[in-house]
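In what follows, a single structure is set out as structure tokens and then discussed.
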Amino acid sequence: MIRRTLLALALLLLSPLVRADEVQVAVASNFAAPMKAIVAEFGKATGHKAQLSFGATGKFYAQIRNGAPFHVFLSADDETPAKLEQEGLAEPGSRFTYAVGTLALWSARPDFVDAKGEVLSRGTFAHLAIANPKLAPYGAAAMETLDKLGLTSTLQAKLVQGENIAQTHQFVGSGNAELGFVALSQIMKDGRIGAGSAWIVPAEMHRPIRQDAVILASGRDNAAANALLRFLRSRPAQAIIRSYGYR
Amino acid sequence: MFAAANLDAILLTAKLASVVTLLLLLIGTPIAWWLANTRSRLKPPLEAIVALPIVLPPSVLGFYLLVAMGPHGPVGQVTQALGLGTLPFTFTGLVVASVFYSLPFVVQPIQNAFAAIGPGLLEAAATLRATPRDRFFTVALPLARPGFITAAVLGFAHTVGEFGVVLMVGGNIPGQTRVVSVQIYDHVEALEYGQAHELAILLMGFSFVTLFLLYAFNRRATVPGT
């Protein structure tokens with residue numbers, strides 16, 4: 001009995017070590033929906049399996065620096081992958097921009113946000129949600145947009161911060177914040193905005209949100225990791241990415 | 001000694017924990033008294049509800065609180081009807097969330113202390129014509145003192161150590177909802193490890209000293225003749 005239990009325990013503990021064609025991918029929260037669709041296609045096309053973890057770019061950076069077992073990193077910015085490469089934690093030359101993010105001012109209520117975003121200067125709301133600008137590229141882009149509109153000091157008291165773009169979306173989706181800056185990809189469904197009302201922030205309002213992918217040091221010899229990055233550049237994958245509102 | 005933002009977070013956390021502890025003692029005492037004395041069939045389900053925050057992850061509690069206190073949730077409907085607006089992203093919202101989250105840490109020690117008194121002394125007081133009110137205030141409360149001290153300390157410390165719920169309903173507003181644990185998280189995410197250390201070591205020291213004093217006190221309270 002004891003021996004059988006120990007054997008079962010050993011098998012459970014060792015099982016993650018024996019899968020070969022699997023790639024562990026750290027994915028920035030804003031890219032969660034398109035990435036799930038891409039990975040489904042990737043599996044069909046190549047037979048490889050990709051395990052996805054979603055989270056904030058800054059958190060992934062800290063985890064990767066401390067030995068997190070990811071093979072591929074899809075960042076929400078272009079600085080973090082570059083930094084990882086400099087620090088020898090990513091495979092040199094594997095880095096490329098897989099998507100350029102689009103910022104959207106969104107409300108769960110229909111007709112709350114007008115097509116030009118003038119609701120911001122009217123100020124008829126109690127809470128404006130943004131992702132933490134210190135940590136999340138979409139949060140930084142939201143602050144740049146407010147700066148450009150000259151509304152930063154007026155709206156400062158109404159800002160509430162999500163830890164990442166996913167939580168920001170949750171604040172707005174649950175109605176706790178009347179509106180907020182989210183990633184367009186989060187509110188796109190079948191090629192159009194799924195629910196509520198939104199202003200798609202023009203590209204010139206903030207620096208482009210270039211999202212880079214990179215193979216991490218531990219993924220160098222992983223066939224599935226290399227195949228995934230090739231697949232991300234392919235036409236089917238790029239079509240999925242564009243259908244979620246990336247530029 | 002501390003960066004200004006860190007100091008704000010420390011003061012806010014102390015304020016939150018103090019308010020929550022006071023409220024919990026007020027709310028928790030009658031609940032504990034009832035639980036310690038009742039034979040009602042409602043006792044087990046109520047005990048289970050009180051204990052839920054011990055086993056539930058803060059993500060569950062935070063998620064439901066966010067939805068319940070939001071504009072479409074039942075609590076949110078009531079607060080809006082009262083003209084109070086909605087609670088998430090406010091200090092009041094954090095207080096409400098923390099009261100739920102720390103409830104078992106206050107109710108259970110008090111309930112145990114009440115139960116340990118046993119019926120004998122209370123019945124003796126009753127034969128001396130003490131009213132139920134007198135029995136509660138002059139017999140039960142003084143005898144349950146160690147339980148109250150444990151409850152207050154655990155309630156305070158547990159609120160200081162709260163993170164997941166605050167992250168989910170707080171919105172990270174300086175001076176309002178950015179407590180120490182969230183501030184540490186922000187520092188770590190932004191790779192400001194020095195600033196994170198400054199607060200983390202403080203929290204570590206505070207928690208150890210608090211628990212140490214509590215256990216030292218409880219030992220003295222239970223070892224006879226000391």
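The values are calculated or read from the model by the stated rules, or taken from the named source; none is laboratory data. What you are looking at is a predicted structure, and each value in this text was computed from that prediction instead of being measured. So basically every Cβ, Gly included, is an ideal-geometry build from the backbone, and we count neighbours across all protein chains shown.
When you look at residue A:175, is it outside the structural domain of residue A:30 (by TED's automatic domain parsing), surrounded by 14 or more Cβ atoms within 10 Å (Cβ to Cβ) and either modelled with pLDDT of 95 or more or at positive phi (or both), yes or no?
So residue A:175 fits the description; yes.
Given the residues B:86, B:79, B:92, which is the only one that is free of Cβ contacts under 8 Å to residues at least 40 places away in the same chain, part of a loop (DSSP other than H, G, I, E, B) and either under 25 Å from residue B:22 (Cα atoms) or touching a helix residue (DSSP H, G or I) at 6+ places or on another chain (Cβ under 7 Å) (or both)?
None of the others qualify; the one that does is B:86.
Any idea how many residues of segment A:90-115 are buried (at least 19 other Cβ atoms within 10 Å of the Cβ), aliphatic (A, V, I, L, M) and assigned to a loop (DSSP other than H, G, I, E, B)?
Final tally of qualifying residues: 2.
Being polar (S, T, N, Q) and modelled with pLDDT of 95 or more is the filter here; which residues of segment A:87-101 pass it?
Within segment A:87-101, just A:97 meets the criteria.
Name the helices (runs of 4 or more DSSP H) wholly inside segment B:143-226 in which the number of residues that are within 14 Å of chain A (Cβ to nearest Cβ) and buried (at least 19 other Cβ atoms within 10 Å of the Cβ) is 3 or more.
Answer list for segment B:143-226: B:164-170, B:180-189.
Do any residues in segment B:161-190 that are over 17 Å from residue A:176 (Cα atoms) and of a type in the set (Lys, Arg) have Cβ atoms under 6 Å from those of residues that are at pLDDT below 85 and not in a helix (DSSP H, G or I), where the two are at least six apart or on different chains, and which pairs are they?
Close Cβ pairs (under 6 Å, with a partner that is at pLDDT below 85 and not in a helix (DSSP H, G or I)) amount to B:178/B:172.
Which of the residues belonging to segment A:161-170 are surrounded by fewer than 24 Cβ atoms within 10 Å (Cβ to Cβ) and at the interface with chain B (Cβ under 9 Å from one of its Cβ atoms)?
A:167, A:170
Being under 16 Å from the mean Cα position of the chain (by Cα) and either loosely packed, with under 12 Cβ neighbours inside 10 Å or modelled with pLDDT of 90 or more (or both) is true for just one of A:75, A:15. Which residue is that?
A:75
Closer than 19 Å to residue A:235 by Cβ, of a type outside the set (Phe, Trp, Tyr) and without any contact (Cβ under 8 Å) to a residue 60 or more places away in the chain: which single residue out of A:43, A:67, A:47 fits that description?
A:43 is the lone residue from the list that is closer than 19 Å to residue A:235 by Cβ, of a type outside the set (Phe, Trp, Tyr) and without any contact (Cβ under 8 Å) to a residue 60 or more places away in the chain.
What number goes with the only condition from (1) surrounded by fewer than 22 Cβ atoms within 10 Å (Cβ to Cβ); (2) at pLDDT 95 or above that residue B:106 does not pass?
(1)
Six or more apart or on different chains, Cβ atoms under 6 Å: show the pairs whose first residue is in segment A:162-184 and among the hydroxyl-bearing types (Ser, Thr, Tyr) and whose second is at pLDDT below 95 and surrounded by fewer than 24 Cβ atoms within 10 Å (Cβ to Cβ).
Every condition considered, the pairs that remain are A:174/B:67; A:174/B:70.
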